[in-house]
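Notes to accompany the following structure.
Rule-based calculations on the coordinates, nothing more; no lab input. Keep in mind that what you see is a predicted model, and the values were worked out from it rather than measured. With ideal geometry, Cβ positions are generated from the backbone for all residues, glycine too; neighbour counts draw on all protein chains shown.
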Amino acid sequence: MPLADRSRTQLRAQGLAVFIGIIGGICAYLAGLPLPWMLGPMMVTTVAAMLHVPVQAPIRLRPIAIPVIGVLLGSSVTAEIFGLLQQWIFTLIALPVYLAVASVVSFAVYRRLGRYDRITAFYAAMPGGLNEMLLLGGQAGGDERRIALAHAARVLLVIVFVALFFGLVLGVTSGTRGATRWVPLNALVWTDYAMLAGCAVLGNWSGTRLGIPAAPVFGPMILSAAAHIAGLVTVSPPTLFIIAAQITMGTIIGSRFAGATFAQVGRDILLAATASGCMLIVATVFALTIGWASGIPISQAFLAFSPGGLTEMALLTLALDQDVTYVSVMHILRITCIIGVAPAVFGLWVARSDKPPL
């Protein structure tokens, strides 16, 4: 197929995915689901993708959506938050221990139950970013399809479970910073738009140049937080932009299952659900411990330890009116730790296991 025709086909598939995502978001909103503008598109596009509807992740929108989310997260940061840093010490100490326990438990699921080869099982089990784990696992010789499916399923299942648990069991849907407070387009003057756009563009660029983990979201978040604390801007991005960003992220997650069917990968999805469930159980234990040791709300600690995607968990935290700075920092540290440590741990493990007996 000529390049131009292939590009048009991909564009149509991405446009179809966005359209389906919008419909899913509207339906979820009307149904009263928690975090409807991300959960709705996520679930509907997942079903469409696995039914072989020709959808494709709208990756061209991702570089726009993620900095917008970063700016939104930064707008929720206040100067008072720095007085709470000392309360985080227990979480910072517990985080590496949690990662080790969750990774070992998840690895056992993929290795013992799933009979994955050890490379694929190792990188499928690591609660890091999908793209990073896929790259590292592929370079190590693992099964890239299974690694990608494991992480895509983990993110989807964790987000759905956490959102539904908070919304349907705890009765928490959104707070004053969530969807209940609409920020119209005319609530911002041109200087506000310029400042927020500058935070998005400059934060993304500088974060990438400096090698900051999760730079597209964390860079804009840092600059937006600084601008809001300094009083250079006092409003958050318009709600319409936030809804668009959530629809984009939900659609991208769901579209990752394109070409797969339950018949083909049902076993792998069941394994991912088992591994994710085990991680959530471990997260619950650590959240209860953190809450007891430091007084941090258990719901907040649970969000910080839940092994979902950084951007998605931050959005969920904001919608549930929890401390987005605390949760975002812990997820950034989680991903950074996994990316930095996992290859070294895997190398040492392989070296020891391949060492001939004395």
Shape call for the chain, from the Cα gyration tensor axes a ≥ b ≥ c (a/c under 1.5 means rounded, otherwise prolate when a/b beats b/c, else oblate), comes out oblate
For every helix of n ≥ 4 consecutive DSSP H residues, a contribution of -39,500 (n - 2.57) applies; sum these over the chain, divide by its total residues, and give [θ] at 222 nm rounded to the nearest 500 deg cm²/dmol.
-24000 deg cm²/dmol
Take Ile64 and Leu164, extend 7 Å from each Cα along the Cα→Cβ direction, and tell me the distance between the two endpoints in nm.
3.2 nm
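In nm, what is the difference between 0.36 nm times the number of residues separating Leu348 and Trp182 and their Cα-Cα distance?
Numbers: separation 166, 0.36 × 166 = 59.76 nm, distance 5.17 nm.
Roughly 54.6 nm would be gained on extension.
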In what sequence do Met38, Met195, Met126, Met330 fall when counting other Cβ within 10 Å, fewest first?
Met195, Met330, Met126, Met38
Mean Cβ count within 10 Å, highest first, over the residues of peptides 242-252, 338-348, 222-232:
242-252, 222-232, 338-348
Placing each pseudo-label 7 Å from Cα in the direction of the beta carbon, Val97 and Arg112 end up separated by a distance in nanometres of 2.2 nm
Along the Cα→Cβ direction, 7 angstrom out, place labels at Gln139 and Ile298. What is the inter-label distance in nm?
4.1 nm
Diffing the range 24-32: the Karplus 3J(HN,Hα) column from phi (6.51, -1.76, 1.60, θ = phi - 60°), in whole Hz with x for Gly and Pro, holds x, x, 4, 4, 5, 5, 5, 7, x
The range 284-355 versus the range 63-77: alpha-carbon centroid distance in Å:
20 Å
Collect residues whose amide H, placed 1.01 Å from N in the peptide plane, falls under 5 Å from the amide H of Gln56; neighbours closer than 5 in sequence don't count.
Gln14, Ala17
Calculate the length of the line joining the C-alpha centroid of the range 83-129 to that of the range 187-251, in whole Å.
30 Å
For Phe257, the residues 5 or more places away or on another chain with a placed amide H closer than 5 Å to its own amide H are none
Can you sort Leu99, Leu113 from fewest to most other Cβ atoms within 10 Å of each residue's own Cβ?
Leu113, Leu99
